[in-house]
Structures are given as C-alpha cells and as structure tokens.
Amino acid sequence: MKIIKYSIICLLMTILSNCKAQSLPKSSTEEFLYRPNFHFTPKSNWMNDPNGMFYLEGTYHLFFQYYPEGNKWGPMHWAHATSRDLLHWDEEPIAFYPDATGHMFSGSVVVDSTNSSGLFKSPEGGLVAIITSNGNGQRIEIAYSEDEGRTWQKYDKVVADWSQDPLQNQ
C-alpha cells in the first residue's frame, strides 16, 4: 500500500513539475482582479444610476449617469453602452451632456415602436429619453432618437419645471 501511495505522489509531482504556469498579461490581470467581471463599469471615471436599459434589434442598451472627467461625483452626463450578450460591453459616445437646464440626473429611455409620442417621422418610431435635469431646480426634458441612440434631438420645451418650486427652499 505504501508503494502505491508513493507512486501516486511521485506521478503527481512529475506531472505538476512539467506544467508551465501561464500568466495573464498585466492588463487582463488588473481587469480580472479589480473590476466586476459580470457587471458593467466604464473603462474609467465615475458612474452612477442606470437610467435606461432595453433590448432592441439584437442589442442590449444601457444608459447611465457618468462624469467623464474624474472618479468622483461631478457634472452629470448620460453615457451609453451596448452589448450583444450582457457580458461584453462596448462604450458608445456620451449621449447627453449638461446643458442650459442643468446636469443630467435620473430618467429613463423607452422604445416607442409605434410612434405613440408623435415625435418621429416614421410610424416605426424610435427611442424616447425622459431626463431629469438639475440646475437651480429640477426640470423634466424629453429627447428622441431615430438611430438606436447614436444621436439625439431634444424636444424644444421643458415638460415639467420645478425651478420655481416654493417647497424647494424649505
């Protein structure tokens, strides 16, 4: 019995000593160790709330609050990322920048596939973003996209305006 145990140990040691350790490139190691592996994060800087998630034409879309100039909270933008499998994500260009109405806070994006909003030229509709902007009070803005979120057109009127809300100062 001792000979069998000794033989198995020798065999395992021989096999293990002949195996070459494979190391990951530094960037892959850092990616694996310091970033969520099954959750989206941008390549750099600060992100916050998801603001619009939907599936359209074989692609998952994620819009989220983002500050592209630092890793702490700052003037909010809305960034955009896409995925075909929810594991591998591509960062798209920033969708919304702070503007005259303020920073881009919470909101949502919906697929208006029948043009029920009346914002689109075609009956197939497109995407509608409902955005809370914050600058000296909060406002609700609407924007729409006819190209799956690559470009946006803001509706020319603020939909709701709490900038003069008397309760805000209490």
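The values are calculated or read from the model by the stated rules, or taken from the named source; none is laboratory data. Just so it is clear, the structure is predicted and the values come from calculations on it, not from any experiment. For neighbour counting, all protein chains shown are included, and Cβ atoms are generated from backbone atoms with ideal geometry for every residue, glycine included. All accessible areas refer to the heavy atoms of the entire protein, side chains included, with ligands and DNA or RNA removed. Shrake-Rupley method; radii C 1.70, N 1.55, O 1.52, S 1.80 Å.
Tabulated values for the structure
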read-out: In the stretch 38-83, the residues that are of a type in the set (Gly, Ala, Ser), exposed (fewer than 15 other Cβ atoms within 10 Å of the Cβ) and at pLDDT below 90; value: 44
read-out: Restricting the stretch 127-170 to residues that are buried (at least 18 other Cβ atoms within 10 Å of the Cβ) and charged (D, E, K, R), the residue that is modelled with the lowest pLDDT; value: 139
read-out: All positions within the stretch 91-117 that are over 14 Å from residue 64 (Cβ atoms) and of a type in the set (Asp, Glu); value: 99, 112
read-out: Qualifying residue in the stretch 112-126 (condition: open to solvent by 60 Å² or more (accessible area, probe 1.4 Å) and either in contact with a strand residue (DSSP E or B) (Cβ under 6 Å, 6 or more places away or on another chain) or in contact (Cβ under 8 Å) with a residue 60 or more places away in the chain (or both)); value: no
read-out: Residue 90, sole failed condition from (1) at positive phi; (2) surrounded by fewer than 12 Cβ atoms within 10 Å (Cβ to Cβ); value: (1)
read-out: Test: residue 97 is within 19 Å of residue 48 (Cβ to Cβ), of a type in the set (Phe, Trp, Tyr) and either in contact (Cβ under 8 Å) with a residue 60 or more places away in the chain or open to solvent by 60 Å² or more (accessible area, probe 1.4 Å) (or both); value: yes
